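Contents: one structure, followed by commentary.
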Amino acid sequence: MGFTWGMRLRGSSKKKIAPVTSWSESTSEPEITIPPEFQCPISIDLMKDPVIISTGITYDRTSIEKWIDSGNNTCPVTNTVLTTFDQIPNHTIRKMIQGWCVEIGSSLIDRIPTPRVPLMPCEVYEICRKLSSATRRGDHEKCEEIIWRIKKLEKESEKNRKCIVENGVALVLCDCFEKFSGDEKLTSILGKILSMLTWMIPIGWEGLTTLASASSFRCIAGFLSSKDDTVRENAAFLLKEILSLEETQVHAFAEENGVAAAFVKLIRDSVSSSATKSSLVAISQMVLHKPKIASEFLEIGLVNQTVETIIDGENSVCEKALAVLDAVCETGEGIEEVRKNALVMPLLVKKILKVSEQATRSSVSVILKLCKTGNESKVEEAVHLGAFQKMFLVLQVGYGEETKEKATELLKMMNTQMKLMSDDVDSSVHFKYLEKPF
């Protein structure tokens, strides 16, 4: 690997520009004056990776990238509007800087590795062209070679990853996955594609539609049962994205390929927080889009598993688990199953205002469904757990009109119940005090 040179001055993070003949009080070596042509016009530091922009001015790559990323579209020196944001390495200046650093030969100067030139959009387009061509030919070995190269380039820098994501690689990878998804011998290349697609989200409608084909969906669903937990996590993540399409055929494929049991098992196995969240979101989507599938989830213990997840999970997981309970309670069968779990109501009341806005909305929604469809015992339980006071707070904080309406309805139901429980509840609490807030 080649090297360029950077400057480090002892005892200070700032550069001291002084005549070569002057001497530092803290060192026996002279301080160093950087030639102006080697200084970045933005940072006034020695350039480590000089690049030329469209106006012909040379800057240090890091400095000009920060300038552009901040929303500027002009050259800092000339104030001319940039016709392109491309940056071309200035090898001539780099060599001059290297020669100067060698000539100085001071211990105040450190060697640093020469930065790799970032990936350019034109290079990505060429990679996409080659991968598309190999896919059409059915040349899986060439495809795997190109995929390996993409993976290597992505690991080199965050800028490379951004360039790959922004220039159509995801769609080409989706086409490649669909092409080979029916061949069980190619699980290695298919697994690599799945892994890469997880950091290219959002893939876009066209790419997701390709992955939603019968062959691709069946293949991804199969990966949910892999012995490799990372593969299972990647499959769950992508299935969650595919199910967001809300297309009838997609949910039919989900039912046919037994993903319900696979998702619940993934949650039960506690593979990772990411896998659990992906599974919970996918389950909510499936139940809301096709209520009949709720029966299958109930049979394999979804409600009890979801309750355990609410108890043990971090806030982001808890939020999605509460959304699952809300979705399940859209069906009468689901409400009955949720009502059987004695921990549900205490957890719902406890999580209000404690997790997130969405978690509060889901909790209020589930409590209302349980109270409306059951006998007075659920309303009484909610009152004893402090739900009455929590609903007041929900109205004050504000979580949208729909949630406010649900909280108001619950307050009316609980107020009626509290009148019947007057021996247990302070008689001074009366619903008449709710008239003004409404």
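Some notes on this structure:
- Normalised alpha carbon radius of gyration of the range 310-388 [divisor 2.2 N^0.38 Å]: 0.99
- Relative contact order for the chain: 7 percent, from Cα pairs under 8 Å spaced at least 6 residues apart, divided by residue count.
- Residue-by-residue Karplus 3J(HN,Hα) for the range 181-190, coefficients 6.51, -1.76, 1.60, Hz, glycine and proline x: 5, x, 9, 5, 7, 9, 4, 5, 5, 5
- Qualifying trypsin sites (Lys or Arg not before Pro) in the range 275-339, DSSP loop, other Cβ atoms within 10 Å at most 11: none
- Note on the range 200-219 and the range 260-293: Cα centroid distance 18 Å, given to the nearest whole angstrom.
- Cα-centre dipole for the range 289-414 with unit charges at Cβ (Lys and Arg positive, Asp and Glu negative), debye to 20: 280
- Ordering of 160-167, 235-242 by packing [mean C-beta count within 10 Å, highest first]: 235-242, 160-167
- Accessible-area composition of the range 54-110, carbon plus sulfur, in percent [1.4 Å probe]: 53
- Prolate/oblate/rounded label for the range 160-237 (Cα gyration tensor, a/c 1.5): prolate
- Rounded percent of accessible protein surface that carbon and sulfur make up, the range 143-237, 1.4 Å probe: 50
- Database remark: amide H of residue 74 closer than 5 angstrom to the amide H of 82 (H placed geometrically; neighbours at sequence offset of 5 or more, or on other chains; Pro and chain starts carry no H).
- Identified option (computed log10 I(q)/I(0) by the Debye sum over Cα atoms at q = 0.08, 0.09 Å⁻¹; candidates (i) -0.70, -0.80; (ii) -0.46, -0.58; (iii) -0.51, -0.62): (i)
- Distances between every pair of Cα atoms in the range 160-319, grouped in 5 Å steps from 0 to the bin holding the largest one, split as 1, 9, 20, 21, 21, 14, 8, 4, 1, 0 percent.
- Under a model in which nothing but the beta-carbon of Lys, Arg (+1) and Asp, Glu (-1) is charged, the range 41-188 shows a dipole of about 200 debye around its Cα centre.
- Apportionment of accessible area to carbon and sulfur, the range 262-363, percent (1.4 Å): 49
- Looking at the range 60-102, none of the trypsin sites (Lys or Arg not before Pro) sits in a DSSP loop with at most 10 other Cβ atoms within 10 Å of its own Cβ.
- Dipole axis of the chain (+1 Lys, Arg; -1 Asp, Glu on Cβ), positive-most option in 101, 279, 245: 101
- Charge-dipole axis of the range 176-268 as Lys and Arg at +1 and Asp and Glu at -1 on Cβ define it, positive-most pick from 208, 198, 230: 230
- Computed [θ] at 222 nm, helices only, for the chain once each DSSP H run of length n ≥ 4 contributes -39500 (n - 2.57): -18500 deg cm²/dmol
- Cα gyration tensor shape for the range 39-108, rounded if a/c is under 1.5, else prolate or oblate: prolate
- With 23 Å as the limit, the listed pairs 265/390; 265/354; 142/185; 390/419; 320/351 have 265/390; 265/354 beyond it between alpha carbons.
- Folded to 0 to 90 degrees: helix 302-312 orientation relative to the chain principal axis, Cα: 60
- The mean accessible area for residues of the range 60-99, using a 1.4 Å probe and ignoring ligands and nucleic acids, is 60 Å² per residue.
- Rounded to whole Hz, the Karplus (6.51, -1.76, 1.60) HN-Hα couplings of the range 389-399, x for glycine and proline: 5, 5, 5, 4, 5, 4, 5, 6, 6, x, 10
- Cα shape, the range 36-157, gyration tensor, a/c 1.5 rule: oblate
- Cα-centre dipole for the chain with unit charges at Cβ (Lys and Arg positive, Asp and Glu negative), debye to 20: 760
- Residues of the range 178-265: accessible area per residue with a 1.4 Å probe, Å²: 43
- Taking every protein chain into account, the accessible area of the range 353-405 amounts to 48 square angstrom per residue (probe 1.4 Å).
- Under the Debye formula (equal points on every Cα, no solvent term), log10 I(q)/I(0) of the range 259-315 at q = 0.21 Å⁻¹: -0.74
- Model label points for residue 96 and residue 372, set 7 angstrom from Cα along the Cα-to-Cβ axis, are 7.6 nm apart.
- The rule of thumb for compact globular proteins, 2.2 N^0.38 Å, goes into the C-alpha radius of gyration of the range 249-376 0.98 times.
- Rounded Å value of the spacing that divides the Cα centres of the range 43-69 and the range 337-414: 57
- Relative to its Kirkwood radius, the Cα radius of gyration of the range 212-286 gives an Rg/Rh of 0.92.
- Backbone HN-Hα couplings from phi across the range 269-278 [Karplus 6.51/-1.76/1.60, Hz, Gly and Pro as x]: 6, 6, 4, 5, 4, 5, 5, 5, 5, 4
The values are calculated or read from the model by the stated rules, or taken from the named source; none is laboratory data. What you are looking at is a predicted structure, and each value in this text was computed from that prediction instead of being measured. So basically every Cβ, Gly included, is an ideal-geometry build from the backbone, and we count neighbours across all protein chains shown. When the accessible area is computed, the model is the full protein with side chains, heavy atoms only, and any ligands, DNA or RNA have been set aside. Shrake-Rupley method; radii C 1.70, N 1.55, O 1.52, S 1.80 Å.
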